[in-house]
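> Following this message is one structure expressed as structure tokens.
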Amino acid sequence: PRLALQVLQEELASAPGEEHATLRLERARLLESGMASPGEALAEYRAVLELVPTAAPALLGSARLELMSGEGAQALAHAEEAIRSGAPSEVLDGHRLAGRIAEEMGQAPAAVAHLEAARVLDPTDLGVIQSLARHYTASGAWEPLTEVMGQEITLTPDPAARARLWLRRALLFRDILDRDRDALRCLREAVAADPMNLEAVAALRDYALERG
């Protein structure tokens, strides 16, 4: 990285003005990847934004480093600007990052809004789905929780882990939402996924005994 930074610095010295933003962005990325001087990387990202205020990669880079340095409000503003101005992949990254920033700032509604937007754009992002599940559990938003738990189950390859999720979903349907049919279906799925899950087996047996 040190040699690459030196080469970039030399190119910057002789490059025409229209190439400066691209070269400084590359320099910022190298500095960030090495993480030896995050402050210098942030300065480079901000220099790019002075040249091109809507450059989504620089907005996202600035947001990542601002979050690390405790500048949450500025980080969130930059992530949301990247969402407005970025290409589709950058919009997705922006929502993921904005969700994480809002979480760390204690802004649960904003975090959920960004995470839900990310889930729409990428329904296979397990990290986003798990974050949403934590938010919905904390806020008692049970119906959305059942939905994201269903997606989490689909994305979980390990049968034992999948069985535990089926069981949690079953108890949610049974004990909170009073949806017996859905609870029974989930218990059957839990036992099918892992017949050694004794809690699921017992719950299914008790369910059958209660209903004759």
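> Could you check how many residues of segment 78-92 are touching a residue at least 12 places away in the same chain (Cβ under 8 Å) and under 15 Å from Asp122 (Cβ atoms)?
7
> Is it true that Glu152 is closer than 29 Å to Gly94 by Cβ and of a type in the set (Asp, Glu)?
For Glu152, the condition - closer than 29 Å to Gly94 by Cβ and of a type in the set (Asp, Glu) - is met.
> Ok, one more. Which condition number does Ser62 fail, the rest of (1) at pLDDT 70 or above; (2) not in a helix (DSSP H, G or I) being met?
Going through the list (1) at pLDDT 70 or above; (2) not in a helix (DSSP H, G or I), Ser62 breaks only (2).
> Considering segment 56-89 alone, what residues qualify as being among the hydrophobic types (A, V, I, L, M, F, W, C) and surrounded by fewer than 20 Cβ atoms within 10 Å (Cβ to Cβ)?
Met68, Ala73, Ala77, Ala87
> Could you pull out every one of the helices (runs of 4 or more DSSP H) wholly within segment 90-202 that has 1 or more residues that are open to solvent by less than 30 Å² (accessible area, probe 1.4 Å), modelled with pLDDT of 95 or more and within 30 Å of Leu59 (Cβ to Cβ)?
Correct list: 108-121, 126-139, 142-155.
> Looking at segment 15-32 only, could you name the residues that are open to solvent by less than 30 Å² (accessible area, probe 1.4 Å) and at pLDDT below 85?
Result: Ala15, Ala21, Leu23, Leu31.
> Could you look through segment 40-55, keep only residues that are over 14 Å from Thr22 (Cβ atoms) and in contact with a Leu (Cβ under 8 Å, 6 or more places away or on another chain), and pick out the one that is surrounded by the fewest Cβ atoms within 10 Å (Cβ to Cβ)?
That would be Glu40.
The values are calculated or read from the model by the stated rules, or taken from the named source; none is laboratory data. Just so you know, these numbers come straight off a predicted model, no measurement behind them. Every residue, glycine as well, gets a Cβ built from its backbone with ideal geometry; the counts of neighbours run over all protein chains shown. The area values use the complete protein model at the heavy-atom level, side chains included, leaving out ligands, DNA and RNA. Shrake-Rupley method; radii C 1.70, N 1.55, O 1.52, S 1.80 Å.
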